[in-house]
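Comments concern the structure below.
Every number in this text was worked out from the coordinates using simple rules, so none of it is lab data. Just so it is clear, the model here is predicted, and its values are computed rather than measured. Cβ placement follows ideal geometry from the backbone for every residue including glycine, while neighbour counts extend to all protein chains displayed.
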Amino acid sequence: MTQPSVEIVTVANAKAGTLALDPVVFGAEVKPHLFHAEVRRQLAKRRAGTHSTKNRHMVSGGGAKPWKQKGTGRARQGSSRSPQWAGGGVVFGPVPRSHAHDLPKKVRRGALRCALSLRAGEGALHVVDALELDAIKTKRMVEILRGLGLGEVKVLIVLAEPNAMVERSSRNLPGISVIRAEGLNVHDVLRHKHLLLTRAAVEAVEKRLGDPADEKGTKGAKA
């Protein structure tokens with residue numbers, strides 16, 4: 001496995017060194033089927049699941065028999081709220097439920113490694129030494145992104161710690177999202193063409209995803 005690396009720059013786009021990246025996190029083999037599985041899981045979990053219909057017992061009215069059982073020449077009916085009647089109950093309609101489903105932890109972590117490796121391989125991974133603002137200023141954030149050559153593209157900014165100045169200065173910029181390293185996910189990585197991480201954020205991501213030892217199954221040993 002080759003050792004990937006990336007140049008570190010300052011907010012003024014001046015070179016500040018080179019950072020060797022963990023090949024487990026940023027140099028993994030890209031497996032698109034993992035993207036599909038994880039994004040599907042994320043979007044399913046976000047669904048409200050509040051869709052609902054009424055069955056024949058929940059529809060109001062219909063307590064009286066529409067007509068007598070025999071002698072009318074028509075089919076017998078017990079209630080006007082039966083499913084075959086207009087305004088009647090719905091058979092097997094949707095009910096409130098959760099659409100969430102689980103994926104193994106190994107698959108979820110593997111999908112995120114693949115997404116980060118994809119962006120690193122495309123040259124769309126950018127690292128700044130630090131990202132600090134003196135005040136909440138959207139104009140200043142635009143200047144920084146343009147100076148880094150990221151002014152006209154969709155960018156996901158990844159921070160190691162909460163930073164109200166950066167987060168609030170970026171929230172009105174179209175195509176720009178800010179996320180913390182602990183919440184980094186496949187869906188957000190894939191829907192942004194470029195990633196901008198601080199050096200501390202890279203370390204936090206590598207700490208979170210760099211050791212796959214906890215995912216390896218252990219075979220039972222003979223007594």
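The figures follow:
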{"item": "Convex hull of the chain built on C-alpha atoms - directionally averaged projected area, nm²", "result": "23.1"}
{"item": "Extent along principal axes [Cα atoms of region 33-75; Å; largest to smallest]", "result": "65, 21, 8"}
{"item": "Residues in region 51-69 that a label on Val90 would reach, taking backbone N under 14 Å of a point 7 Å out along Cα→Cβ", "result": "51-59"}
{"item": "Size of charge dipole - region 10-128 - debye, nearest 20, with Cβ of Lys, Arg +1 and Asp, Glu -1, no other charges", "result": "1080"}
{"item": "Mean separation of Cα contacts under 8 Å, 6 or more apart, over the residue count of the chain: relative contact order %", "result": "23"}
{"item": "Given charges at beta-carbon only (K, R positive; D, E negative), |dipole| of the chain in Debye", "result": "2280"}
{"item": "Separation in nanometres of the label points that stand 7 Å from Cα toward Cβ, at Arg76 and Glu122", "result": "6.7"}
{"item": "Separation in nanometres of the label points that stand 7 Å from Cα toward Cβ, at Lys65 and Asp129", "result": "9.0"}
{"item": "Using alpha carbons only: equivalent-ellipsoid semi-axes of region 53-93, gyration tensor based, whole Å", "result": "22, 10, 6"}
{"item": "Charge dipole (region 53-93, unit charges on Cβ, about Cα centre) - positive-most of Val90, Ser80, His57", "result": "Ser80"}
{"item": "DSSP-defined antiparallel bridges as percent of all bridges, the chain, nearest 5", "result": "20"}
{"item": "Rough spin-label spacing in nm, given labels placed 7 Å along Cα→Cβ, for Lys193 and Met165", "result": "3.0"}
{"item": "Hz values of 3J(HN,Hα) by residue in region 156-163 - Karplus curve (6.51, -1.76, 1.60), Gly and Pro given as x", "result": "9, 8, 10, 10, 7, 10, x, 9"}
{"item": "Residues with amide H under 5 Å from that of Leu150, placed H, sequence gap 5 or more", "result": "none"}
